[in-house]
Structure formats: structure tokens, C-alpha cells
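The values are calculated or read from the model by the stated rules, or taken from the named source; none is laboratory data. Just so it is clear, the model here is predicted, and its values are computed rather than measured. As a convention, Cβ positions derive from the backbone with ideal geometry for all residues, glycine included, and neighbour counts pool all protein chains shown. Side chains are part of the model used for accessible areas, which takes the heavy atoms of the whole protein and leaves out ligands, DNA and RNA. Shrake-Rupley method; radii C 1.70, N 1.55, O 1.52, S 1.80 Å.
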Amino acid sequence: MRIAFYGTGRFACSTHIPNLLRIPGAEIVALCDRSPDSLQKGVALVPSAACYADADALLTAGGFDALYSCVPAWARTDVEVRAARLGIHIFS
């Protein structure tokens, strides 16, 4: 399962990413966050992942089966809807 993260803040980096890294067959292939500091924290955990500062670029690049949306409710746009329309599974 190829997984992308939309949001690499505190909760993603302290809980979701470390837990997924322990699961055989789960591969985190992309990270996206508009905050360079948050993105770098994700990169420190998954240095091989492609990095994006923009959700449009993440969705356009594709190459993943599931999207972890880890952004606050107030910051959400239509990223999850667009991903679902592309056939990408969502964890939000």
C-alpha cells in the first residue's frame, strides 16, 4: 500500500507516520505540507518520500493508493473530495 500524507504536523509525525512505518507492506511515498518546518519533520522520518508544498501538486503527481489527511478542520479544502474522485482511499 503506497501512502501519501497531506499534513505533516505534530500528530502526523508523532503518531501516524511512526505507526505506519512499522507495518509490513505499508510504504509512505509522499508528504505534503505548506509549512516548510512541518514538511522537514516528515522528511526526517521518511527521507525517501517525495515532498510537496502544495496539495494540487501532490494529487497531480499521484502514485499512491491512500491519502492520510492530517490537517486541522479549519484548514481543509476539497483535497479529500478530489482524491476520492481519483479513486484514492482516504484516512481523515
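Annotations
- Here the condition is being within 15 Å of residue 3 (Cβ to Cβ), in contact with an Asp or Glu (Cβ under 6 Å, 6 or more places away or on another chain) and without any contact (Cβ under 8 Å) to a residue 60 or more places away in the chain; of 17, 90, it holds for 90 alone.
- Scan the stretch 29-40 for residues that are open to solvent by less than 30 Å² (accessible area, probe 1.4 Å) and in a helix (DSSP H, G or I) and the total you get is 2.
- Scanning the stretch 1-18 for residues that are closer than 17 Å to residue 90 by Cβ and either assigned to a helix (DSSP H, G or I) or open to solvent by 20 Å² or more (accessible area, probe 1.4 Å) (or both) returns 1, 2, 6, 11, 12, 16, 17.
- Residue 79 being modelled with pLDDT under 95 and buried (at least 16 other Cβ atoms within 10 Å of the Cβ): yes
- Pairs where the first residue, in the stretch 62-87, is under 14 Å from residue 52 (Cα atoms) and the second is of a type in the set (Val, Ile, Thr) and open to solvent by 50 Å² or more (accessible area, probe 1.4 Å), C-beta under 6 Å, 6+ apart: 67/90
- Hey, residue 26 among the small types (Gly, Ala, Ser), surrounded by 15 or more Cβ atoms within 10 Å (Cβ to Cβ) and modelled with pLDDT of 95 or more or not: no
- Top-ranked residue of the stretch 54-68 - restricted to ones that are over 21 Å from residue 14 (Cβ atoms) and outside any helix (DSSP H, G or I), ranked as most open to solvent (accessible area, probe 1.4 Å): 54
- Number of positions in the stretch 65-76 that are among the charged types (D, E, K, R) and either at pLDDT 95 or above or under 11 Å from the mean Cα position of the chain (by Cα) (or both): 1
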